[in-house]
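The values are calculated or read from the model by the stated rules, or taken from the named source; none is laboratory data. Here the structure is a predicted model, which means the values were calculated and not measured. When we count neighbours, we look across all protein chains shown, and the Cβ atoms used for this are built from the backbone with ideal geometry, even at glycine. SASA here: full protein model, heavy atoms, side chains in, ligands and nucleic acids out. Shrake-Rupley method; radii C 1.70, N 1.55, O 1.52, S 1.80 Å.
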Amino acid sequence: MTIATPRTGTTDTHCPYCALQCGMRIAGKTVEPRDFPTNRGGLCQKGWTSAALLDSPGRLTEPLVRVNGRLRPTTWDHALDLVADRLVELQAAHGRDAVAVFGGGGLTNEKAYQLGKFARVALGTSRIDYNGRFCMSSAAAAGMKAFGMDRGMPFPVEDLRRADAVLLVGGNPAETMPPFVQHLRDAELVVVDPRRSATAEKAALHLQPAPGTDLALALGILHAVVADGHLRHDYLAARTTGFDDVWRIAAAWWPERAERVTGVAAGDQRAAAALLARAANAFVLTARGTEQHARGTDMVSAWINLALALGLPGRQGSGFGCLTGQGNGQGGREHGQKADQLPGYRRLDDPAARAHVAAVWGVDPESLPAPGVSAYELLDEGPRGLLVFGSNIAVSAPHANRTTRSLSEVDLLVVADVVLSETAAMADVVLPVTQWAEEDGTLTNLEGRVLLRRRAVRPPENVWTDLEVLHGLAVRLGQPPARFPVEAEAVFDELRRASAGGLADYSGVTYDRLRDGEALHWPVPAVDHPGTPRAFLDRFAHADGLARFVPVDHSGPAEPPDDEFPLQATTGRVLQHYQSGAQTRLVPELAAAVPEVHVEVHPDAAARAGLADGDLAAVVSRRGTVRARVRCVATIRVDLVFLPFHFPGSGSANLLTNPELDPTSRMPEFKVCAVRLEVA
Ligand code: SF4
């Protein structure tokens, strides 16, 4: 294996993992934090150890092709010829949509853009979606409904430092992005989480609702806002529309009624309303705990309604935002790897959008496919060929038994990745690609800030960039070579033109401006435009400039507990691991700290199941069984168990999860399903 070789000197770059995109400096094989607005010189344990990814023994360094059931090394030409030939055969035999493409929220903007173009132009398939469907799509859908635009956090994180109060719903940044917590230090914090998480420990008020009842809680607090005289009538009149329809529902959710459904004391609901209302500057933030539900879009809408009633969104020093999780979770959903979108956050079913993007791509708008289907549906309908870039579906998708079966039935599974993930291990062809510090590329962090991650080390010599892979395949599929450039900056310049005039307008962002260190939050519609750190200050993105209240009501989880499965399970992250764990499980320090899955259980629930701390439990749902070591904690609700989702095989939390989809966002209900506990 060729070890990644450092260039001389140091390079300012950003962490390979989450959406905070902490600033770091890489020198040789070491990283150190640098001052950047999101991390102010801090890094979490994942960031500090990230250089270990560069020469991990688990690193893929040559293309692999399955022969007689085993993956064997081969040449790039052979691997790409084989893939292209099989794709042509499959599409000739079964139609264009028989081949699907699956992307990732960790891919750079350039890769996400090029992947969407590759699917729709080189393959002509409508079947493209990505793993961001699993983590941000409900927030995106709710943001579009309310504000006419989805920029997860439409203000810089530094604004939080001047907040007097912050309501954080369904997020645990103390573990998922620890440097973020410094921005909340001076605020009174209200945390909504059925677990007393590390973040909830820091809260002035911790509201611990029954899983899947967040919407009822939001309605109860909204009722208290109105009943206790906190409604911002001036703001409602000037900047919003639709409150009356929302109040028709919320009027029936007095806090005592919400208490009966959620378990959160009516007094605590009123206290939360008062705490937010009396704050001069306040924010409402949501995260995956709010979104990953079969009614996740409605749940986010409910918290947006509360923020609007308090007059927060679009006000200097206050606001509403969603904490994006994946490194390029924001940019990943803007450039066309989503089933229904074109670059610039344009709709694929909009004729003007199709015409604009087709002109940039040099193709006939009529040749572009119609919108496809969402990530889980794409897997579930059984594609004959599947190309996966930057995603470990076998671990990260819901209902893992079914997903794994779908993957095993694909005629041609191709995975481009840095390591032999669980999905890559199932593939017919594995393509080794460069990682963060070995390539240039831009990402858009949780604030909508576009940043440049620079190449700092040479990749192993037989490893290609994803852009080179897409170029190689596109040419073999008959595309002109110039249509699929391999230089990141060239792809970005095309992305700028494709995004011009769209919601996510990057046309004024250039590599030169990013190299000069400018902080450019989209939209940036001209090269002399300073960017838009704070969106919505004057108007929201709907045509009339007003934000929309969206009427929503509580309905509970898709799979409530019953006699057979009397508990509920929820999933989430631990500090040391990231997403499916494909990278972090290869970092020795992180793997040693948290080597396997565990299940958090209330001591009373454990005792009822005949289990004690440290025992091996079977957590059983209608879809599968996880074997996990019991961790008894009195800080979790007695009707709930929690499992981290970073582990494969019999430790995969997604063996349990329910693939019931949100009707709007098509996000699965990862965050709650019915289970029982047994002695393993
Ligand atoms: Fe920062 Fe996130 Fe990286 Fe941790 S994982 S160092 S919080 S970007």
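Consider the range 157-167 and keep the residues that are within 16 Å of the ligand (Cβ to nearest atom) and open to solvent by less than 10 Å² (accessible area, probe 1.4 Å). The one that is farthest from Arg347 (Cα to Cα) is Leu160. The strands (runs of 3 or more DSSP E) falling completely within the range 346-462 that include 1 or more residues that are under 21 Å from the mean Cα position of the chain (by Cα) map to 385-389, 412-417, 441-444, 449-453. When Gly170 is tested against (1) small (Gly, Ala, Ser); (2) open to solvent by 10 Å² or more (accessible area, probe 1.4 Å); (3) over 22 Å from Leu643 (Cβ atoms), exactly one condition is not met: (3).
Within the set Arg627, Arg585, the sole residue that is in a helix (DSSP H, G or I) and either without any contact (Cβ under 8 Å) to a residue 60 or more places away in the chain or in contact with a helix residue (DSSP H, G or I) (Cβ under 8 Å, 6 or more places away or on another chain) (or both) turns out to be Arg585. In the range 26-35, the residue that is nearest to the chain's Cα centre (by Cα) out of those that are within 16 Å of the ligand (Cβ to nearest atom), over 25 Å from Met153 (Cβ atoms) and open to solvent by 40 Å² or more (accessible area, probe 1.4 Å) is Glu32.
Can you name every residue in the range 598-644 that is modelled with pLDDT under 95 and over 19 Å from Arg195 (Cβ atoms)? Once the filter is applied, which keeps residues that are modelled with pLDDT under 95 and over 19 Å from Arg195 (Cβ atoms), the range 598-644 yields nothing.
Results for (1) in contact (Cβ under 8 Å) with a residue 60 or more places away in the chain; (2) in a loop (DSSP other than H, G, I, E, B), shown as yes or no for each residue.
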position	(1), (2)
Val261	yes, no
Val264	no, yes
Leu275	yes, no
Ala280	yes, yes
Ala294	yes, yes
Val300	yes, no
Gly325	yes, yes
Asn328	yes, yes
Gly332	yes, no
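Within the range 469-486, being touching a helix residue (DSSP H, G or I) at 6+ places or on another chain (Cβ under 9 Å) and open to solvent by 10 Å² or more (accessible area, probe 1.4 Å) holds for His471, Val475, Arg476, Leu477, Gly478, Gln479, Pro480, Pro481, Arg483, Pro485, Val486.
One line per residue, one yes/no per condition, for (1) in a loop (DSSP other than H, G, I, E, B); (2) open to solvent by 60 Å² or more (accessible area, probe 1.4 Å); (3) touching a residue at least 12 places away in the same chain (Cβ under 8 Å):
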residue	(1), (2), (3)
Pro37	yes, no, yes
Ala51	no, no, yes
Thr61	yes, no, yes
Arg72	no, yes, no
His78	no, yes, yes
Asp81	no, yes, yes
Ala84	no, no, yes
Val88	no, yes, yes
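Could you please give the count of residues in the range 639-680 that are in a loop (DSSP other than H, G, I, E, B), touching a strand residue (DSSP E or B) at 6+ places or on another chain (Cβ under 9 Å) and under 20 Å from Pro211 (Cβ atoms)? Residues meeting the conditions: 10. Can you confirm whether Pro16 is under 21 Å from Leu160 (Cβ atoms), open to solvent by less than 70 Å² (accessible area, probe 1.4 Å) and within 13 Å of the ligand (Cβ to nearest atom)? It is false that Pro16 is under 21 Å from Leu160 (Cβ atoms), open to solvent by less than 70 Å² (accessible area, probe 1.4 Å) and within 13 Å of the ligand (Cβ to nearest atom). Checking each residue in the range 193-215 for being assigned to a helix (DSSP H, G or I) and buried (at least 24 other Cβ atoms within 10 Å of the Cβ) picks out Asp214, Leu215.
Remark: pairs (first residue in the range 402-428, farther than 16 Å from Val101 by Cα and open to solvent by less than 10 Å² (accessible area, probe 1.4 Å); second residue of a type in the set (D, E, K, R) and part of a helix (DSSP H, G or I); Cβ separation under 7 Å; 6+ apart in sequence or on different chains) are absent. Selection of the range 536-573 for residues being surrounded by 21 or more Cβ atoms within 10 Å (Cβ to Cβ), part of a loop (DSSP other than H, G, I, E, B) and among the hydrophobic types (A, V, I, L, M, F, W, C) yields Phe536, Phe540, Phe549, Val552. Among the numbered conditions (1) touching a Phe, Trp or Tyr at 6+ places or on another chain (Cβ under 9 Å); (2) farther than 27 Å from Phe670 by Cα; (3) in a helix (DSSP H, G or I), the only one that Leu231 does not meet is (3).
Scanning the range 360-375 for residues that are small (Gly, Ala, Ser) and closer than 30 Å to Ser138 by Cα gives Ser367, Ala370, Gly372, Ser374, Ala375.
Against the numbered list (1) more than 16 Å from the ligand (Cβ to nearest atom); (2) buried (at least 21 other Cβ atoms within 10 Å of the Cβ); (3) not hydrophobic (A, V, I, L, M, F, W, C), Gly148 comes up short only at (2).
Matching residues to (1) more than 18 Å from the chain's Cα centre (by Cα); (2) within 16 Å of the ligand (Cβ to nearest atom); (3) part of a loop (DSSP other than H, G, I, E, B):
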residue: Lys117; (1), (2), (3): yes, no, no
residue: Ala139; (1), (2), (3): no, no, no
residue: Gly143; (1), (2), (3): no, no, no
residue: Phe155; (1), (2), (3): yes, no, yes
residue: Phe180; (1), (2), (3): no, yes, no
residue: His183; (1), (2), (3): yes, yes, no
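Residues in the range 574-584 that are surrounded by fewer than 24 Cβ atoms within 10 Å (Cβ to Cβ) and either among the polar types (S, T, N, Q) or more than 13 Å from the ligand (Cβ to nearest atom) (or both): Gln576 only.
Looking across the range 656-672, the residues that are open to solvent by 20 Å² or more (accessible area, probe 1.4 Å) and touching a helix residue (DSSP H, G or I) at 6+ places or on another chain (Cβ under 7 Å) come down to Pro659, Leu661, Thr664, Arg666, Lys671. Among the criteria (1) among the hydrophobic types (A, V, I, L, M, F, W, C); (2) part of a helix (DSSP H, G or I); (3) away from the ligand (no atom under 16 Å from the Cβ); (4) modelled with pLDDT under 95, the one Ile3 does not fulfil is (2).
When Leu43 is tested against (1) open to solvent by 40 Å² or more (accessible area, probe 1.4 Å); (2) aliphatic (A, V, I, L, M); (3) under 28 Å from Ser580 (Cβ atoms), exactly one condition is not met: (1).
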